[in-house]
1. Charges at C-beta only: +1 for Lys and Arg, -1 for Asp and Glu. How large is the resulting dipole of the chain about its Cα centre, in Debye rounded to 20?
2. Restricting to lysines 8 or more places apart or on different chains, can you count the pairs in region 208-277 with Cα atoms under 17 Å from each other?
3. Relative to the longest principal Cα axis of the chain, at what angle does helix 279-290 sit, 0 to 90 degrees, rounded to 10?
4. Could you tell me what percent of the DSSP beta bridges with both partners in the chain are antiparallel, to the nearest 5?
5. Could you pull out every residue, at least 5 positions away or on a different chain, whose amide H is within less than 5 Å of the one on Glu36? Hs are placed 1.01 Å off N in the peptide plane, and Pro or chain starts have none.
6. Student exercise: in region 25-148, how many lysine pairs 8 or more apart or on different chains have Cα atoms under 25 Å apart?
7. In straight Cα distance, which aspartates and glutamates are under 20 Å from Lys151, not counting same-chain residues fewer than 8 positions off?
8. Tell me the Kirkwood hydrodynamic radius of the chain in angstroms, computed as one over the mean inverse distance between distinct C-alpha pairs.
Amino acid sequence: MSRILTGIQASGKPHLGNLLGAIEPAIALSASVDNESFLFIADLHSMTTIKDRTTLIDHTNSVAAAWLACGFDSEKNYFYRQSRLAAYHTELMWYLSCLTPYPMLANAHSFKDKSDRLSDVNAGLFTYPVLQASDILLYQAEFVPVGKDQKQHLEMSKDMAEAFNRTYGEVFVLPEALINESVMVVPGIDGSKMSKSSNNYIDVFLPENDLYKQIKRIVTDTTPLEDPKNPDTCIVFKLFTLIANENQIAEMRKNYLKGGYGYGHAKKDLLEVLLFKYKNQREVFNFYISNLDELERKLKIGEEKAEVIAKRTISAARQKIGF
C-alpha cells in the first residue's frame, strides 16, 4: 500500500480550477484500495499571509467542507488540520531547521519570488519549506502529488530527510514527487489560468444566482448573435468541454458554427451543466457549512488517527537525537 500526502492551504473555498485540476484527481487516488491518503489543511502555513482570525477559521471550514463534498473518504483515509497537531509539526520543524543550510532556503521559490521586496517577507515565509518538510516526513509519506512549480520544495524535503537520517540514524522515508503531466489547466473568466489572486475564478458552491453572475462575467468577443462563432477561441466553450459529456459538447459546437446562438445562450448552458455536475457536491458543502459541529467531529476523528502516527515518528526522532 502506498502512502500519499496532500496539503491544502486554508485560502478559501476551492474554485472550479481547483476541483478539476487538483481535488478530483487527488480523491480518485485516495479511493484506490492500494493507497492510504493523508489530506491536511495547512492552516499554519496560511498564517504567512492571513492575519485575521475569523478569515482563517472560515477558510479552513470552507476547504474542509469542499473536500468532503467532493467525496474524500475521511474514514478510509486521514483528514486533519495541521494546527491541531502543531506540537508535532513544529517540533520536527526545529530538528530539521538545525540541519538545513541557509542557502537552501534562500534559493526556495517561495522566498526568491519576493526577495526583491524583503519588507514583505516574514520569517514564516522564509522557513516555509522546513515546515512543509515536517508535514511530509512526520507521516512517513511515500508520495506527494505536486505541480511542477512545487517539485523544488519536495526535493528539499527529501534532502532534509536524508540529512537527518545521515546525521542521527534512519527514521524518515524519503518522499517522491507524484507529478501528473496531464494536469488540467482551467481558464478563468478572463482566459488566463483560473485563480483567486487574479479574481477570475468560478465558485461552484455559490447560490445559483450568484454563480450565474460570475458566469455572465466570462469575457467573449463582439460577434453578433446571428453570426457563426468559433468555439475553439471561446472561453465559455472551453469551460463547457471540461464539464459536459460528449453529446452536449458536440451540440454546443454545432450551435456555435450555425449561428443564431449567442454567448448568453452558451453561458446559460454552462450554468446548467455546472449545476447538474455539482448538484450533490453543492448540497453536501452547504450541509457542512450549516452544521459546523459535524464538520468539527469529522476533523477531530481524523486528527486523533493522525496523531498516532505523528507521535510515533517524533518518538523515533527524539530517540535517535538522544532526547
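Here, each number is a calculation from the coordinates, and none is a lab measurement. In this text, all values refer to a predicted model and were calculated from it rather than measured experimentally. Cβ placement follows ideal geometry from the backbone for every residue including glycine, while neighbour counts extend to all protein chains displayed.
1. On the way: 37 positive and 40 negative charges, 61 e Å.
My answer is approximately 300 debye.
2. Qualifying lysine pairs in region 208-277: 18.
3. Long axis of 279-290 versus the principal axis of the chain: about 50 degrees.
4. Working: 1 of 17 bridges.
The antiparallel fraction comes to roughly 5 percent.
5. Sorted by chain and number, the residues that satisfy this are Ser2, Arg3, Ile4.
6. Numbers: Lys51/Lys112; Lys51/Lys114; Lys112/Lys148; Lys114/Lys148.
Close lysine pairs under the 25 Å cut-off: 4.
7. Straight-line reach from Lys151, under 20 Å: Asp113, Asp135, Glu142, Asp159, Glu162, Glu176, Glu181.
8. Details: mean 1/r = 0.0466 Å⁻¹.
With all distinct Cα pairs of the chain included, I get 21.5 Å.
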